[in-house]
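Here is the structure we will look at.
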Protein chains: 2
Amino acid sequence: MEGSAPRRTRIQQEKRELILEAALEVFSTNGFRGSTIDQIAEAAGMSKPNLLYYFRRKEDIHETLMERLLATWLAPLRELDDIGDPLTELRSYIRRKLEMARDFPRESRLFANEILQGAPRIMPLLEGELKTLVDEKATVIRGWMRAGKIARTDPWHLIFSIWATTQHYADFDVQVRAVLGPNRGGDGRFEDAARFLEHLFIDGLKPKG
Amino acid sequence: MEGSAPRRTRIQQEKRELILEAALEVFSTNGFRGSTIDQIAEAAGMSKPNLLYYFRRKEDIHETLMERLLATWLAPLRELDDIGDPLTELRSYIRRKLEMARDFPRESRLFANEILQGAPRIMPLLEGELKTLVDEKATVIRGWMRAGKIARTDPWHLIFSIWATTQHYADFDVQVRAVLGPNRGGDGRFEDAARFLEHLFIDGLKPKG
DNA sequence: GCAAATTTTGACCGATTGGACAAACGTTAG
DNA sequence: CTAACGTTTGTCCAATCGGTCAAAATTTGC
């Protein structure tokens with residue numbers, strides 16, 4: 001049993017990174033089936049056979065991309081901890097997720113594409129690792145509710161709503177900017193969103209007094 | 001100048017409907033480029049050349065589908081009116097949107113696919129009709145805020161958050177069910193979601209008292 | 001019932017696609 | 001220098017794709 005991790009030369013390391021970066025760009029805007037190896041090769045500045053020297057199949061690129069993505073994607077949720085004030089903890093989770101939508105929109109869209117198509121390649125992961133993690137955090141949140149630290153609602157749907165509202169600014173960015181127009185849709189839109197989401201999740205819409 | 005609407009036989013009416021229904025199914029799960037005419041033809045129970053007799057190009061099917069979609073998709077927002085209690089009005093808008101996610105998930109996914117890919121075919125509509133409608137409703141909502149009927153926040157981002165949270169249950173349905181598991185993820189998930197969203201949007205997470 | 005119009009099909013085409021392959025090119029260790 | 005190894009490319013292939021076309025089958029108007 002040789003090492004299951006293939007040893008790689010310096011050039012292989014670099015070129016593989018180059019390809020993954022290019023593939024992220026192409027896959028996230030065209031979807032898996034909508035993207036061609038030629039497109040990715042051109043974006044990576046190399047010929048198609050050369051690309052196929054580093055990744056034997058188109059699917060291998062996508063698979064590698066998804067593996068990396070999921071690791072970083074769930075990091076904010078993992079950080080959600082039982083230490084500190086619950087409301088503050090949730091607030092900063094929302095803020096972190098929104099920052100990820102701002103800083104890694106391509107990763108978000110890649111993930112959205114995969115789920116939209118029925119998650120054919122990562123279904124086991126959703127039912128396994130992801131479900132376990134969410135269940136775990138739901139228990140933490142439920143604890144806060146029982147302790148009277150936050151209002152009593154459904155912890156799972158709370159997590160869904162945080163995912164939905166934050167990822168919306170990456171996945172539906174085109175629509176958001178089209179609707180907001182050039183003024184409100186400029187660089188400040190993420191700060192506006194952060195302010196709004198904080199208000200929504202903490203206070204809701206009921207008027208004061 | 002003959003009538004711009006081509007006159008159609010009974011068979012044409014029926015077959016076109018059949019094709020659009022099949023295309024909705026195929027496009028919404030595979031995206032435009034990921035879907036083939038053969039797939040749609042098979043789903044519609046006819047041969048490829050026969051399908052092409054009714055729609056000359058693959059794009060024509062998609063275009064017809066998008067036109068119909070947008071009309072019904074924005075109906076709930078159009079109904080958002082200045083009559084009646086603001087909080088009730090918003091509550092029922094959220095409920096209607098969630099019902100649409102439940103009853104027309106394929107339409108939601110078709111739209112999501114289009115936006116994800118940069119909305120190449122409906123960008124003018126987003127910047128035109130959609131923006132106008134949202135701006136108009138944002139003004140209504142702003143009026144409610146000034147009148148002290150609901151809390152003061154950003155009306156545009158409020159609308160985004162309603163879209164995001166409700167459509168999430170159509171677009172990310174696979175993930176939602178995977179995370180909730182067989183028990184909580186059954187048919188009751190939409191009622192749980194409705195209850196949660198009402199609580200979130202009205203009261204937020206801050207504990208009572 | 002029959003001719004005209006409509007609908008359906010099998011066969012076909014050029015373009016694009018994912019991928020194979022061997023030859024050429026470059027690099028590196030002895 | 002040179003042999004071994006790693007990298008790059010041009011060429012090719014089979015499969016799939018969107019779409020055409022003429023002929024066959026069916027429906028419709030009279």
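Can you give the alpha-carbon Rg of the stretch B:74-203 over 2.2 N^0.38 Å, where N counts its residues?
1.12
Could you work out how far helix B:131-146 tilts from the main Cα principal axis of chain B, as a 0 to 90 degree angle to the nearest 10?
10 degrees
Tell me, how many Å apart are the Cα centres for the stretch B:21-35 and for the stretch A:141-209?
31 Å
For chain A, what number of Lys pairs, 8 or more residues apart or on separate chains, have alpha-carbon atoms under 20 Å from each other?
Lysine pair count for chain A: 8.
Going by a 1.4 Å probe on protein heavy atoms, which residues of the stretch A:85-125 end up with at least 40 Å² less accessible surface in the whole assembly than in their chain alone?
Buried on complex formation: A:I115, A:L116, A:Q117.
Please state the relative contact order of the stretch B:4-68 as a whole percent: Cα pairs under 8 Å, 6+ residues apart?
With pairs under 8 Å counted, the relative contact order is 34 percent.
Rank B:M66, A:A138, B:V176 by how far each Cα sits towards the positive end of the charge dipole of the protein assembly as shown (+1 on Lys, Arg Cβ; -1 on Asp, Glu Cβ) and give me just the farthest.
Result: A:A138, furthest along the dipole toward the positive end.
Compute the acute angle (0 to 90°) between the alpha-carbon long axis of helix A:189-203 and the principal axis of greatest extent of the alpha-carbon atoms of chain A; round to the nearest 10°.
40 degrees
Within the accessible area of the protein assembly as shown, what % is carbon and sulfur when the probe is 1.4 Å and the other protein chains stay in place?
Here carbon and sulfur together make up 49 percent of the probe-accessible area.
Where Rh is the Kirkwood radius over the Cα pairs of the protein assembly as shown, the temperature 25 °C and the viscosity 0.890 mPa s, what D in µm²/s does Stokes-Einstein return?
Translational D for this selection: 106 µm²/s.
Going toward the positive end of the dipole of the protein assembly as shown, with +1 on Lys and Arg Cβ and -1 on Asp and Glu Cβ, which of A:Y53, A:Q13, B:L110 do you reach last?
B:L110
For chain A, what does -39500 (n - 2.57) per DSSP helix run (n ≥ 4), summed and divided by total residues, give at 222 nm, in deg cm²/dmol to the nearest 500?
-22500 deg cm²/dmol
Using +1 on the beta carbon of Lys and Arg, -1 on that of Asp and Glu, and nothing else charged, what's the dipole of chain A about the Cα centre, debye to 20?
200 debye
Relative contact order for the stretch B:74-203 using alpha-carbon pairs under 8 Å, separation at least 6, rounded to a whole percent?
Relative CO of the stretch B:74-203 lands at 35 percent.
The values are calculated or read from the model by the stated rules, or taken from the named source; none is laboratory data. These figures come from a predicted structure and were not determined experimentally. Every residue, glycine as well, gets a Cβ built from its backbone with ideal geometry; the counts of neighbours run over all protein chains shown. Heavy atoms of the whole protein, side chains included, go into the accessibility calculation; ligands, DNA and RNA do not. Shrake-Rupley method; radii C 1.70, N 1.55, O 1.52, S 1.80 Å.
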